Structures are given as C-alpha cells and as structure tokens.
Amino acid sequence: MESNKNTHIQPPAINDPVWKKFIVESELPEKLSPLREMSRNLWWTWSIDARNIFECIDETIWEACEHNPIVLLEEVNYKRLKELENDDHFIEEMHKAYDIFKEYLREREIKEGPSIAYFSMEYGLHDSLKIFSGGLGILAGDYLKQASDSNVNLVGVGLLYRYGYFKQTLNLHGEQMANYESQHFSKIPVHPAFDKDGNWVQIEVEYPGRTLKAKVWEVHIGSVKLYLLDADISANSPEDRFVTHHLYGGDNENRLKQEILLGIGGIKALRKLGHKSDIYHCNEGHAAFIGIERTAEYISNQNLSYAQAKEVVRASTLFTTHTPVPAGHDSFHVSMFENYMRSFAVKLDLSWDEFLMLGKTNPNEDHFNMSFLASHMSQGINGVSKLHGDVSKTILKDLFKGFLEEELEIGYVTNGVHYCTWAAQEWKKIHKKYFGKGFPMNQLDKEVWQDIYKVDDEEIWKLRQNLRLKMIDYIKQRFTDNWIKRNENPKLISEILGELNPNALTIGFARRFATYKRAHLLFRNTERLAEILNNPEKPVQFLFAGKAHPADKAGQDLIKHIVEISKRPEFIGKILFVQNYDMNLAKMLLQGVDVWLNTPTRPLEASGTSGEKGVMNGTLHFSVLDGWWVEGYKKDAGWALPLERAYDVQDFQDELDAETIYTILEDEIMEVFYDRNKHGIPERWIGFIKNTLAQVSPDFTTARMIHDYQERYYNPQFERTQKIVADDFRLAKELADWKTKVSSMWNQIEVKDVQVSDGIENAMKVGNFYPVKVAIDLKGLNSHEVGLEMVITQNGGDNPHKLIDKIEFDVEQVEGSICIYKLNMHPVNAGSFNYSMRLFPKNENLPHRQDFGLVKWI
C-alpha cells in the first residue's frame, strides 16, 4: 500500500506547568542550637568569639547578608550545617562562645540601683536593624550596650520602622539616590513582647477622631531590653500605618504622630509590660510627651492635682539635648498641635493656653517646641559636651527669665563610645596583653591605659599598617561593586584602584553631610590640595563617606561636588567617596585611616563621636576645637584648629580655616608621619598614638559616660524622687501647696527702703566693708521663704553681663511683715562691675533655683 507522504502528524499539545508553592524552613541541627539563641541577642555584635563563629560558618554568605547571623543561618546550605555538626573544633569553639554568653547573662541577672527608662527616636545597634540614621542613634545604641556591660537596670523604648532610614546610592553624576528597603521582621533580631499572661502587647494612642494601635516588639542587647512600637498593622488606616514606615520621613504632621506614639505610647507600653521605672531619660525632645502621659497617670491613678503630679514627674525625669541650634529643635504649629493634643489639656486640668505655655516662652509664639516641653517636665537638663552645655544654656535661657545664662542648672555629660563595639579586634588583643585580663571591665581606671607606653613601637606600627591594608582592600571591593552596578567606566575604576596606596598617609572624613560640617573646606584651594596629595615623597589620600538628608539639597550638592572633584586627573585615587555610609564601613574607616578630619562650624558640633571611635583605634584626630575635642585635645595627641574666630563673615573664616588645614597637613602631620627611623618606623607618630590612647581615649567611653549619668543625674534624682513620693506623696503635695501660696503673693511683695553705702555708688576700695540694707514688706510670707542677693556682673567686654559673683543677704530683723536684709560688701578685686539685687523664693526641698523660677529684681 502506497504511503501518503503529505500526511503530517500533529505533535501532542504541551500544557503549561501548574506551579504549586511549597516552603522549606531552615532548621538547625540540634547540636547547633546555641547558634540560633546567640543570633537573636545583639550581644554577639561586640563579642569577638561569637562574631568569629558566625563568620566561619560561611564567609561568602556572611558578607552577602551584611553580617546578619539570622539570615546567615537561614541561607547556609544544610549540607554545610551537617559538616559543622561533625566538626569537633567548630563545636568546641561554638560552646566556648555560648558559655561566655550564658555566663555574661548570669552575672547580670540581679541589677542594683534605680531602674531607668530610656527613650530615643532611633537606636544604632547593628546594620541589620535599620532603626537609625546617624550620630544620635549610634550614641543611643552604644549607651544600651554599655548599660548591659555595666549592669545598669535600664530598658529602652523606641519605634520599629518598616523601612528605616534610606540606603544611599550615587548615580554616574554623583547625585545621591535614596532607596528604602523594607525590613522583614523575621530576619532581624526582634521578638514579640509578651505581657505576664503571655499576650502579645498592643497599645493604643488617640489621634483626632480615631485610635492608633501599635504592637510592641523587643530587642535583646545583652541583658538589656529595648521595646519598639510598630504601627504598621492591619488595624490601622494606610495613613496611620505610615507613622512607623520611615525614620524622619513624611511631613511635620507625621513627625508629631511619631512623637505622640513614642512618648505617650511608649509609657503605655511600659505599663502593659509591668515596668514602673524610677527615672525616665528623654534622649532629645522627640520623646517629651512622656512627661505629659506620666502626669496624666498620676492625676488619674493617684488622685493628685496637676501641680502635685508635676513635682513627681519633674523629680524623676532627665532631658538630654543634642541640638546646638534653635532651629534643630522640633516644633509644631499650634493649630495642628491643638488638633492632636487638646484632649490632654483636659486630662491635666489645664486651660488650653496654660497647656500651650509648656512648649513656649511667650504666648505670642505660634509653634509648640518639644525641647521646651521636655525642659518644663524635667528636673535635670544636660548637653552632650562641656561646650554644648553652655550652648544649651543660651538656647534655653528664655525659659528661665530673671536668671543669667551662667546660673542655669543645665549641665553636661560628654558623649562616649562603646569600646567593645568600636575597637578593632587587633587592638583588643594588644589591650588584653598589656592592660591585663580585667580589661575592658576596668576601663574606668585611667591608670590601666598608661600601660600602652609599654608596647613596642614596632608592634603598634605593624598593627596600624595591617589595619590600613585591611581597610584599603575592603574599600576597593566595596567601591568596585558599587561602581560596576552603576555602569561606571571600567578604565576609570581600574585607574582609581591602581592609585589607592596602602602605604600612603590616609585621612578619613565621614559623617552626615550637613553644610555646617564643612566638608567643602578641603577644596577651597584645589591647586594647593593637588600639590599636597601628589607629593611623590609623602603621598596623601582622602576617603569620604556620608549621607545627606533627602530634603537637604545643599548637602547632596556637596557630595556631588566631591565626586566630581575625585574624577579629575590630579585627584584620581587620591580622593574617593565611598557610598552608603553604614556601621560596618564606619568601623573599617575609623580603624584603618591614619587621621580623622572634622571641620564643623564652631559651636555647631554638639559632641561628635566618630573621632572618639577613631582615637581608641590609634587613629589621630584633627579637628576644630568643638564638641568633645574641646575636652579631648592634648598636645602631641592630635591636632586642632585655633579656638578663636578671626572673622565674623563665615566665608572669610572658611578661607582662613582651609589654609590652616593645608599648613598643618604639610608642616606637621605629613612631617611626623613620614619621619622614619632606620627600621622604617615613625617613632614620633607612634608617640602620638600612645599619647592618644593613654591621655584621650579613657575619657570618651560609654563606661565613663554612663557613670557620669549615674553620679550627676540618676542617683541624685532617684534619692530625691523617693522623698517626693514617700508617705503618699507628702513632699510633692507640700511643695505644690507652697509654690501655689508663694506664687499668689509674689507680686504683692514691696520694697520699702534701700540703703546703699556711698562708696558703692561712687568708688570702693579693695578690702573695705560697705554696708547695704534693704527693707522688704513680705506681705505674709516668712523671711525664711524669701531670700535676697546681690548679683555682680562684668561691666563691658565681650560679655557685659557675665556673672562675677552672687552674695546672699542676712536677715537682720523682722517687724511684722517687714523684713530687714543686711549685707556687708567686701570687694577683693579691683575693676569696673555692675550690680543689682534680686529676691527669690527659698525652700530647702527645691533641687535648684530654676525649679521654681520666681524672681524679683530691685
């Protein structure tokens, strides 16, 4: 039979696959279970043993997941886990780290001293937990770590941001691009916070016409817990879920909503978790609403009046300001503020105008200032360096009318950094070897640090060279990856990498790119800069990093300008901007560069802590005398620009400062760095490093910082609070009643007679006595309730009313309501002075004068 060649057989139809989802959950072998427990406590971030264990599991994944052990354990191949399970050396090292971890926690099960609730808008604990933007957050994170190390009875409160702060990338033109990446809460070290009945804690705060709900998570930082509030839940509207999406994101109204959640919601969360802390520490004005919520609690739960409740709240609250300029303090227009907060005036039994004055200095202001609120509700107020304490007095002085700036009870605790987090592993080994096994737990003993002088110069020089090389290798890899991703010219990449010199004097400048930081100073004279950087005998290179706020166009333009300059032929490989400044990059830079440069406009650097991290790694500091460096600078332990300002015009001052930087670089820094002995060791440079570690570093750790807070604020305020609340708040009630009585009669006080010696009005002689008598009608107040003092100030000069002295009068006699005050003036210094007299209320139970700010000048 003849076949039909034209017949075509149709192939069978192939259907599309039907994909069905299945999930494979990671599961650690039981033998490796300690890894999961350690990964969920951020103690590992400052434990060399724990970090080394995680890193050796899989170095490639460890780098790819940005050192997040939770993600590491999920992504590592199960075959690799089985290998580790049978690796006796690994198991031994794991248990060594785990035993240290468990012993660390056991030693801190019992805590002594007052319990502290610490509130902050951000915390920088590790790059895997993106709830920080910069210095304020890093400081708060270091503080919690130190609280654990020092066994301080402290809990932290903050917000859990879904997107956190932005991840920075730069395009081909050097323009900053802000990218927000959602955090998967299962992959970060947060746990649901449960109450005593095992329920996941959820709190509510009132917004206009609705209720915001927020879940509470907890983070374990050694023995310290941090509670984070999360509003991104289905029970809230999309608008309200946005409240905890971005740190410092959204408009001013969203900021107000965040601060209501942090302050009011934070107190509610602590209560549901069973915490009734002794002291409440408000880290910046963002959390100032804690004072309002606590006052409302005492009124509602203890049946106290507003005045009585405020006595308790003030006694037990500390406000730390980090902001050196008035514009940096959060404030909200009263019309918007009223929409959210009017109900709280009712809760406090205040009129709306009275409530508003908690955030104002005069009734005509149209904004409510959160730092003013925090100051009104806090007995203790402090800046974050000695200079910043004085600057804060200037900023807040209008809250304390009738007082001179120098009198204000605004102190300071200079910021510090957490040694175990920021000191390089290589330095820790040196310190352990020479400082003894008790280090770093005994780091408050400054004598211990003096043993750095026993270390051989060659040992330190080799360490510094290794750290620089390690940093350069890291920078090259990170830089290459980033530039390839943005399709940068391969030839340019190769050229830059070829020019980076692991043996050159390397200077770092990395921080938030705000204009007052003056990163542009270095480029005022690019011709002179090019000569310095291209010196064939003494090469120099600069590494830059930092983010500008997405709304800060000037800061972003500055980054772009630096990137553009770095591509010029004379600067290729000599100036490099490394994108996405994070904690890991900060560590590499601070540990690896030779000099850390800081050039803020004085006095706009409240403290600054990056340089503090550098000095504990032998990185020498070169800075304007601002912030912490005013206290830290020592001769032959770093360099400083002159303290005095030469020009009122900032552009002229910038020009002078730039030239000073070039000169110090050429004549001092480069000379010392490249002055080598016959063995190639820069002995003078090593001397600077030793001086830095012995004379500077010990004063700028969080161990010293937390000790200062305990001695200056926590312990004294705790003791006073105990007296205030004892016997059913007896002293709080007595003080409130006394203040009410004095306030009602203060304006009636009348000066009847003032008798001043002729010598005072004309000219006095040093060593003589000049009597002054003043008759006052106290209108029913007692003489022991009203004091009179002579206030003497400078006459003329830069500060014509600088306080020289205060001398209190004695009570000579009392007849009826008339009190005669007497003082014998006894000048001991010649000069021209001003004087005036001031009445003030007296009560031995007041913590300081500004606690009851009535005065009357006569």
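The values are calculated or read from the model by the stated rules, or taken from the named source; none is laboratory data. Just so it is clear, the model here is predicted, and its values are computed rather than measured. Cβ placement follows ideal geometry from the backbone for every residue including glycine, while neighbour counts extend to all protein chains displayed. Only protein heavy atoms, including side chains, enter the accessible area calculation; ligands, DNA and RNA are left aside. Shrake-Rupley method; radii C 1.70, N 1.55, O 1.52, S 1.80 Å.
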- What net charge do the residues around ASN580 carry, taking every other residue with its C-beta under 9 Å from that of ASN580, with Lys and Arg at +1 and Asp and Glu at -1? +2
- Query: Roughly speaking, what is the stretch gain from ASP88 to SER757, that is 0.36 nm per residue apart minus the C-alpha to C-alpha distance, in nm to one decimal?
  - Reply: 231.7 nm
- Net charge of Cβ neighbours under 13 Å - reference ASP753; Lys, Arg +1; Asp, Glu -1: -1
- Query: How do MET745, MET705, MET764 rank by accessible surface area computed with a 1.4 Å probe, from largest to smallest?
  - Reply: MET764, MET745, MET705
- What is the helix-to-structure angle for 48-57, meaning the angle in degrees between its Cα long axis and the longest Cα principal axis of the chain, kept from 0 to 90 and rounded to the nearest 10? 30 degrees
- Task: For the stretch 137-198, run through the trypsin sites (Lys or Arg not before Pro) and keep only the ones in DSSP coil with at most 12 other Cβ atoms within 10 Å of their Cβ.
- Result: LYS196
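May I ask you to give the percent of accessible area on the stretch 278-386 that is carbon plus sulfur, with a probe radius of 1.4 Å?
Taking all protein chains in place, the stretch 278-386 shows 47 percent carbon and sulfur surface.
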- Task: Using a 1.4 Å probe and ignoring any ligands, DNA or RNA, find the accessible area of ARG524 and quote it in Å² to the nearest 10.
- Result: 70 Å²
- Once the Cα atoms of helix 715-746 and of the chain are each reduced to a long axis, what angle between those two axes, in degrees from 0 to 90 to the nearest 10, is obtained? 40 degrees
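Could you calculate the FRET efficiency of ASP197 with LYS741 from 1/(1 + (r/R0)^6), where r is the beta carbon distance between them and R0 is 45 Å, rounded to 0.05?
0.45
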- Query: Helix 386-396 versus the longest principal axis of the chain: what angle, 0 to 90°, nearest 10, using Cα atoms?
  - Reply: 60 degrees
- Report the label-to-label distance for GLU27 and GLU734 in nanometres (one decimal), using points 7 Å from each Cα along the Cα→Cβ vector. 6.7 nm
- Message: Give the separation of the Cα centroids, the stretch 804-857 to the stretch 708-746, in Å.
- Response: 23 Å
- Query: Can you give the charge dipole size of the stretch 301-450 about its Cα centre, rounded to the nearest 20 debye, using +1 on the beta carbon of Lys and Arg and -1 on the beta carbon of Asp and Glu?
  - Reply: 960 debye
- Size of charge dipole - the chain - debye, nearest 20, with Cβ of Lys, Arg +1 and Asp, Glu -1, no other charges: 920 debye
- Note on the structure: Of the candidate values (1) 69, 35, 27; (2) 53, 37, 27; (3) 50, 31, 22, the one computed for semi-axes √(5λ) of the Cα gyration tensor in Å from this structure is (2)
- Taking a cut-off of 23 Å between Cα atoms, list the lysines near LYS517, but don't count ones fewer than 8 places away on the same chain. LYS167, LYS386, LYS393, LYS547, LYS553, LYS560, LYS567, LYS574, LYS587, LYS613, LYS634
- Message: Rolling a 1.4 angstrom probe over the protein chains, ignoring ligands and nucleic acids, what is the accessible area of CYS420 in square angstrom, nearest 10?
- Response: 20 Å²
- Message: Suppose a student asked you for the relative contact order of the chain, using Cα pairs under 8 Å spaced at least 6 residues apart; what percent would you report?
- Response: 10 percent
- Message: With just the Cα atoms defining each centre, how far is the stretch 113-148 from the stretch 374-405? Give it in Å.
- Response: 24 Å
- Message: Full-extension gain between ASP805 and ASN301, please, as 0.36 nm times their residue separation minus the C-alpha to C-alpha distance.
- Response: 176.9 nm
- Give the calculated FRET efficiency between GLU55 and ASN535 to the nearest 0.05, with a Förster radius of 30 Å applied to their Cβ-Cβ distance. 0.20
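Net charge within 10 Å of ARG528 by Cβ-Cβ distance, Lys/Arg positive one each and Asp/Glu negative one each, not counting ARG528 itself?
Net charge around ARG528: -3.
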- Item | Net lengthening on full extension, GLU365/ASN795 (0.36 nm per residue, minus Cα-Cα) | 151.5 nm
- Task: At 7 Å along the Cα-to-beta-carbon direction for both MET441 and GLU655, put a label point, then send me their distance in nm to one decimal.
- Result: 5.9 nm
- Item | Inter-site label distance for PHE769 and ASN829 at 7 Å from Cα along Cβ, in nm | 2.3 nm
